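Report on the structure given below.
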Amino acid sequence: MILHEEFIKIAKKNGKKDAIIDRGREKRVTFGKSLIAALMLSEKFHAYKKGFVGVMIPNSAGAILTTLGVLISGRVPVMINYSTGASENCEYAQMKCGFRTIITSKALIEKIGCRLVPGMVFIEDVMETISTLDKLKAALRSKMPFKVIKRSLPKSHEEDNVVILFTSGSEKDPKAVQLTHKNIAANVIDIFDSLKFNDDDIMLGNLPLFHVFGYNTNFWLPLLQGLSVVTYPNPLEYKKVVQIIKEENVTLMLGTPVFFNGYLRQSEPGELSSVRIAVAGADKCPDMLREGYNKKHGITLLEGYGCTETSPVISVNLPNANKPGSTGKPLPTVKVKITDINSGEELARGQEGKLLSKGDHIMKGYFDDLEETSLRIKDGWYDTGDMGMVDEDGYVWHRGRLKRFAKIGGEMVSLVKVESVLTDLLPPETDCCIVEIPDYLKGAKIIAAVTSSVDEREILKQMSAELPNISLPKDFLIIDELPKMGSGKINFRKVTEIVKEKFSENNNKK
């Protein structure tokens, strides 16, 4: 399947149906008009050098149509993170992938205070160059039979890159992930078949397209299935998002636990009554969050698991097959195995080890990084770098990043497990992150970074009922706000740097 060609088919079939309900700019764009706009923009983008073209626009009709236009023009979009360090991210992407043009928005640049980077092109300026004749040509072209439109497009193959996405960089410098038409198509089909969406479903689309979760589920998933997507540029405006869900009768919500937590706090019973499927991913879903949605809204919050390199979904709980705490069973065409962290031997069900996945959803590789690609993909199996287990019923249990295990006194301690226990004991409005810092006696010690003061003695007493003494935090450090990635995930690298800096300052004062 060639994704933009499939979109053209779907758009012609669903011409009068709303494709994009843009609540940022209060515009509704039908599938028919989306096709016309994408064809118009593709003609404008022929002016740019072939190869990669950067796209840095918040989730909106503009972001979706620009990305489609880039693809239809025969170029490959490189999605750029604007949530933090936007200008540096632009330059990093240009350097890493060897391109110049970045399509962005004046409104975004002004709002985030981003300095201009050579190669930036404003979509507002592009739109001003579109004439009445351009619109007429695109409208006439959109009415042509699909086969005629297809012959007019640059030739594409399913193994061609459909996008370049960057890993989060929460642990080290971001890597450029090459995802193909085949990768995304396989994942979209699996998700749709597993979760049983229907033609009347309306998707909440407020996840950033520079993150794989948003790129798949808020962009391709609705477009390729003929669903309406309600876009909004800022998922952190919790009250506004809740209002939009209510007003637009949103039935499908997919997001990170951080965002779901905000919507839970800022909503009243009944305001999410239209939602029939809600899936949390990209980070561990706390028990209290699941309980909160069930109690307040009667919604079963499902949990899934995936990576940028896997397009992204590996496993997901389903309404009729849900085991809370797990990340569900693998998707129909996805294979999962657990291996010993030292020998690499495959482990039996119920045993914990490194989590690997295989299937058409696995990336082509990291751009211009054959060494890292060969380290992560062997015999078709992608090493996620995560620890996990598959139980007797086939459910995947994600235990956290292998790098988020600390070796203390010769024992391996899961920082994610400690974080999960602590999260359930803290007030809902308090965030936490567990990090390790060097300790000359035991190799490492565990620090809890929290966003408000806590009764440390009482918290530790409660934690000790679930964790061994070696896993308990040795100190609590208050940080007003934990730095986060654009996806809502906590930036562990930044938190660790802050903690190390604070403890270094304290030691220097002694």
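The table below lists the values:
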read-out: Sole exception among (1) among the aliphatic types (A, V, I, L, M); (2) in contact (Cβ under 8 Å) with a residue 24 or more places away in the chain; (3) not assigned by TED's automatic domain parsing to the domain that holds Ile479 for Leu375, by number; value: (2)
read-out: Residue that is surrounded by the fewest Cβ atoms within 10 Å (Cβ to Cβ), among those in region 28-51 that are within 25 Å of Met120 (Cα to Cα) and among the basic types (Lys, Arg); value: Lys49
read-out: Checklist (1) over 30 Å from Asp455 (Cβ atoms); (2) surrounded by fewer than 18 Cβ atoms within 10 Å (Cβ to Cβ) applied to Met412, failing item; value: (1)
read-out: One residue from Lys175, Lys196 being of a type outside the set (A, V, I, L, M, F, W, C) and surrounded by 21 or more Cβ atoms within 10 Å (Cβ to Cβ); value: Lys175
read-out: Elements of type helices (runs of 4 or more DSSP H) contained in region 186-258, each with 2 or more residues being aliphatic (A, V, I, L, M) and touching a residue at least 24 places away in the same chain (Cβ under 8 Å); value: 221-225, 238-248
read-out: Tabulated pairs, region 413-431, first more than 20 Å from Ser267 (Cα to Cα), second part of a helix (DSSP H, G or I) and hydroxyl-bearing (Ser, Thr, Tyr), C-beta under 7 angstrom, 6+ apart or interchain; value: Val413/Ser471; Val418/Ser471
read-out: Residue that is modelled with pLDDT of 95 or more, charged (D, E, K, R) and assigned by TED's automatic domain parsing to the domain that holds Asn216, where the choices are Lys296, Lys284; value: Lys296
read-out: Residues of region 277-322 that turn out to be touching a Pro at 6+ places or on another chain (Cβ under 8 Å), among the β-branched types (Val, Ile, Thr) and surrounded by fewer than 23 Cβ atoms within 10 Å (Cβ to Cβ), as a count; value: 2
read-out: Tally, over region 114-134, of residues that are touching a helix residue (DSSP H, G or I) at 6+ places or on another chain (Cβ under 9 Å) and free of Cβ contacts under 8 Å to residues at least 60 places away in the same chain; value: 10
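The values are calculated or read from the model by the stated rules, or taken from the named source; none is laboratory data. Predicted model, so just to flag it, every value in this text is computed and none were measured. Positions of Cβ are backbone-derived with ideal geometry, glycine not excepted, and every protein chain shown enters the neighbour counts.
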